[in-house]
Amino acid sequence: MEFRPDPELEAFRQTVRTFLREKLPVDLAHLSIGMFSPREAMSRWQAILHGQGWAAPSWPVDRGGTGWSVEQRLIFDDECSAAGTPTQDTFAQKLLGPVLNHFATPEQWQEHAPPILKGERKWCQGFSEPGAGSDLASLRTKAERRGDHYVVNGQKIWTTNAHRADWIFLLVRTDPEARKQAGISFLLVDMKTPGITVRPIWGIDGHHHLNEVFFDEVEVPAANLIGAENMGWSITKFLLNNEHAYTADLPLLKRYRGEMRRLAVTQSVGGTRLIDRPEVAHRIALFETELRAVEMMVQRTAALHGDQGHFAHAMGSMLKLRGTDLQQRMSVFMVELLGDSGAVADTQSTNDLAAEMFFRRASTIYGGSSEVQRGIVAKLMFGL
Ligand SMILES: Cc1cc2nc3c(=O)[nH]c(=O)nc-3n(C[C@H](O)[C@H](O)[C@H](O)COP(=O)(O)OP(=O)(O)OC[C@H]3O[C@@H](n4cnc5c(N)ncnc54)[C@H](O)[C@@H]3O)c2cc1C
């Protein structure tokens, strides 16, 4: 069998490459290998994408998206990853965006979607609480309707980037008497609202990404409720299904691959380049093969997009398991390639592989832990 590139897709790839060559500012390229790009860089890059009409590759075209096919989106990700562009705001683009496109009223969409497309408003996700992580439906943060407002009281935890976000999408309990899934609502809250306190949680990587967020008599306009009151769990299931599929983070794995290759040819031991040592070359070949397998799973899962069936859901979980396991092992290997210098964490650098390796320990926890994903696969695929 002979594989030939599709000429139309190859032409698309060239268009993306030309755009990146001409429009990606030098100071924004290769800012960081993995973790989060600085907020200012993300905003500038998002504005450039918006100017090109490419602000939301995965949104439908009538919602300001590109209307690209799955293959085109994967090519776009590929090329951005190779060029080292800043990341887009995942919370806004991949989690909240589809929710707005599906469930928001026209007024809500008009208020929130354009600032996301232009890179003017950053979001964070207020789901987890102390005592409600894997068992999210046990959440206790309460929202009580008083006139045309909800009054929110409670606490969220592990809220990534709450200290940099303008808004938070929040799960709250609006009916304490109902069965636990049935009493939850989905609220959009401006982080500047009085009564919100953000406290940092410092990570093992030496960085501040995570936070606790406290709500004390926080007044939220009832107009910020997405969907009907107490219908938040259906929206959450819709959102989490998207979350499992993206956490494999193929662009990140490809950046790791680029860095792994670079280190293998630039680092030497005893005058021999690492790539010329058979055991190193062998491990790199295995990683490349595993990465290709994850890429094929991503293509398969993406082709099921919109399908909310059991198989699609299980594929999302399998992808999360494979992708995050590979992220962890590749990030350890990169530090090994650095030898003694890899052991020194440099928290000031945006390309600190030791910090990256430590941060990725969390990848098998966030977005649903590996144990929980295995449970989902066992149930959906094997009926266990
Ligand atoms: C770096 C990072 C970023 C995060 N960002 C966010 C964010 O932005 N917003 C947000 O809302 N949340 C965020 N989270 C929270 C994340 O979603 C939760 O940590 C995760 O869902 C696990 O919940 P938990 O920490 O309460 O652990 P628990 O649910 O208490 O789990 C503890 C242990 O028990 C295991 N376990 C639990 N239930 C089962 C089961 N049914 N079967 C088998 N084993 C089980 C788990 O796998 C785990 O090992 C983040 C977490 C991390 C680490």
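The values are calculated or read from the model by the stated rules, or taken from the named source; none is laboratory data. All figures in this text were calculated on a predicted structure; none of them were measured in a lab. Using ideal geometry, Cβ is built from the backbone for each residue, glycine included, and neighbour counts are taken over all protein chains shown. Accessible surface is based on the protein model in full, side chains and every heavy atom, while ligands, DNA and RNA are left aside. Shrake-Rupley method; radii C 1.70, N 1.55, O 1.52, S 1.80 Å.
Structure notes:
- Exposure ranking of Thr141, Thr364 by accessible area [1.4 Å probe, largest first]: Thr364, Thr141
- Extension gain, Asp340 to Arg73: 0.36 nm times the residue separation minus the Cα-Cα distance gives 92.2 nm.
- For Thr90, the accessible area of its heavy atoms, probed at 1.4 Å with every protein chain present, is near 40 square angstrom.
- Solvent-accessible area of Asp27 with every protein chain in place, 1.4 Å probe, in Å² to the nearest 10: 90 Å²
- Listed residues Ser37, Ser331, Ser69, most fluctuating in the chain (Gaussian network, C-alpha, under 10 Å): Ser69
- Residue order for Arg140, Arg273, Arg255, Arg361 - accessible surface, 1.4 angstrom probe, largest first: Arg140, Arg361, Arg273, Arg255
- Relative contact order %, the chain, counting alpha carbon pairs below 8 Å whose residues are six or more apart: 14 percent
- Net charge, Glu177 excluded, C-beta distance under 15 Å - Lys, Arg +1, Asp, Glu -1: +3
- The coefficient of translational diffusion for region 7-88, derived via Stokes-Einstein from the alpha carbon Kirkwood radius under 10 °C and 1.306 mPa s, stands at 122 µm²/s.
- Normalised convex hull volume, the chain, alpha-carbon set, Å³ per residue: 157 Å³
- Once both labels are positioned 7 Å from their Cα atoms along Cα-to-Cβ, the gap between Glu177 and Val61 label points is 5.0 nm.
- Summarising the label geometry, the points placed 7 Å from Cα in the beta-carbon direction at Val269 and Val332 lie 1.6 nm from one another.
- Bins of 10 Å from zero: percent of alpha-carbon pairs in region 247-382: 12, 37, 30, 16, 5, 0
- Links that overshoot a 22 Å alpha carbon limit, given the list Lys156/Lys254; Lys23/Lys118; Lys94/Lys320; Lys320/Lys379; Lys122/Lys156; Lys122/Lys254: Lys156/Lys254; Lys122/Lys254
- Estimated from helices alone, the mean residue ellipticity of the chain at 222 nm is -14500 deg cm²/dmol (sum of -39500 (n - 2.57) over DSSP H runs with n ≥ 4, per residue).
- Share of pairwise Cα separations in region 100-213, more than 19 Å, in percent: 50 percent
- With the whole protein complex present, Glu79 retains an accessible surface near 20 Å², based on a 1.4 Å probe.
- Contact order, relative form, for region 7-88: 41 percent (alpha carbon pairs under 8 Å, 6 or more residues apart, mean separation divided by residue count).
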